Amino acid sequence: LGRQHHTNLNLHETMRAAAAFLSFLPTALSFATTKPSVSYRASSTLMAKLGDSIDFAKYEGLGNDFILIDDRDKSDPSLTPEQSERLCNRNFGIGGDGVIFALKAPEGEDYDFTMRIYNSDGSEPEMCGNGIRCFAQFLKDLGEDSESYRIKTLAGPIIPVMNADGTITVDMGEPILDGPTVPTTLAPNSEHNSVLEQTHTCNGKEWKISAVSMGNPHAIIFVDDLENDIEFSIDGPALESDTGAFPAKTNVEFVQVMDPTHLKMKVWERGAGPTLACGTGTCALVVAAIRAGKIPRAGKEGVRVTLPGGDLFIEWREENNKIYMSGPATLSFKGQAILKDRP
């Protein structure tokens, strides 16, 4: 009888403990899911929140560096422009010239993926030449192994090709020369209603500007000496924000002709400031140089363009009017970052 009574007491105690555990379980589960980590393959309905951890990969193309986010199961970026700006901060975030999102292709359209990008100031450009190479390498590293990809961008379809030597050649499409479409309000003065070395005063100085769009606007200025003919940190932002001439603002490329197959440039990017490289700007300046008679049109070997971060090779192919850009894109590191509310 004593043993039976002891057994009954143990049974009652066990049942009370089980009931207490079950009542605690929903609370524990709720606590465990209050701050989910946002992974590369985030849910298509999940948007990142303050305090979330974000998986990322950092890539660079000639020093033009980007934070890559895997949103391949999403139609829209998982971060806001403001969150992206904070991640790009080199003191309080990861650091970068922009955040690039690998998104799924639109249904019913002939694309493999969609690319969106937010600049380091939170603005959204139409396209980025160095960024698209980093995007293609990111896809390959994620296991999307292909010789080429058809990418939807805000500038239209872009097709990067993975080369055997590790470089990436990108079909950048045809340059846009029509002045109002670039867009620029500078008076057209050349064929195709284009702006070619048109005189314009900005920041108290007179410039000869050629306007070309690669899906995003570029103001190209040829100088004799890159180091002495410009005040880069003053002239660059002044021209970028001269909305009287470029209503959507503009990227600014200062170019020195080194020889008939070699150009050297410095770029002040719209929304990012001084960067080590700009792919679309490199394409635009080669077009401007050929049209202005600064250099001849090169063959498939292309024109070598030296940027602060290294060299790109650009071919403006006469047979189809398309521009092909070749250069590297490499992984720097991977990690997790916490979304902060400052700066």
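The values are calculated or read from the model by the stated rules, or taken from the named source; none is laboratory data. Small disclaimer: the values here were computed from a predicted structure and weren't measured. Using ideal geometry, Cβ is built from the backbone for each residue, glycine included, and neighbour counts are taken over all protein chains shown. Just the protein is used for accessible areas: all its heavy atoms, side chains included, with ligands, DNA and RNA removed. Shrake-Rupley method; radii C 1.70, N 1.55, O 1.52, S 1.80 Å.
Is there a residue being under 23 Å from Gly327 (Cα atoms) and part of a loop (DSSP other than H, G, I, E, B) anywhere in region 234-256? Within region 234-256 (the criterion being under 23 Å from Gly327 (Cα atoms) and part of a loop (DSSP other than H, G, I, E, B)), the answer is no, since none of the residues qualifies.
Note on region 141-230: enclosed strands (runs of 3 or more DSSP E) holding 1 or more residues that are under 20 Å from Gly131 (Cβ atoms) are 151-153, 156-162, 168-171, 205-213, 217-222.
Screening region 231-245 for residues that are touching a residue at least 40 places away in the same chain (Cβ under 8 Å) and within 20 Å of Thr275 (Cα to Cα) and picking the one that is surrounded by the most Cβ atoms within 10 Å (Cβ to Cβ) gives Asp242.
Residues that are closer than 18 Å to Thr282 by Cα and charged (D, E, K, R) within region 117-146 comprise Glu126, Arg133, listed in sequence order.
Asp311 fulfils the conditions (1) within 21 Å of Thr184 (Cβ to Cβ); (2) part of a strand (DSSP E or B); (3) open to solvent by 40 Å² or more (accessible area, probe 1.4 Å) except for a single criterion, (1).
The sole residue among Ile94, Ile69, Ile100 that is under 20 Å from Thr330 (Cα atoms), open to solvent by 20 Å² or more (accessible area, probe 1.4 Å) and either among the hydrophobic types (A, V, I, L, M, F, W, C) or modelled with pLDDT under 95 (or both) is Ile94. The residues of region 144-167 that are of a type in the set (A, V, I, L, M), closer than 22 Å to Tyr118 by Cα and either open to solvent by less than 60 Å² (accessible area, probe 1.4 Å) or over 14 Å from the mean Cα position of the chain (by Cα) (or both), listed by number, are Ile151, Ala155, Ile158, Ile159. From the list Gly281, Gly271, the lone residue that is in contact with a His (Cβ under 8 Å, 6 or more places away or on another chain), under 15 Å from His218 (Cβ atoms), not basic (Lys, Arg) and not in a strand (DSSP E or B) is Gly281.
Checking Val305 against (1) part of a strand (DSSP E or B); (2) surrounded by fewer than 17 Cβ atoms within 10 Å (Cβ to Cβ), which test does it fail? Condition not satisfied by Val305: (2).
In this structure, is Ala288 in a helix (DSSP H, G or I) and modelled with pLDDT of 95 or more? Yes. Scanning region 57-93 for residues that are among the acidic types (Asp, Glu) and either under 22 Å from Lys140 (Cβ atoms) or under 13 Å from the mean Cα position of the chain (by Cα) (or both) yields Glu60, Asp65, Asp70, Asp71, Asp73, Glu85.
If you filter region 177-230 down to residues that are of a type in the set (S, T, N, Q) and crowded, with 17+ Cβ neighbours inside 10 Å, you find that the one that is nearest to Tyr118 (Cα to Cα) is Asn216. Of the numbered criteria (1) closer than 24 Å to Lys140 by Cα; (2) in contact with a Leu (Cβ under 6 Å, 6 or more places away or on another chain), the one Gly279 fails is (2).
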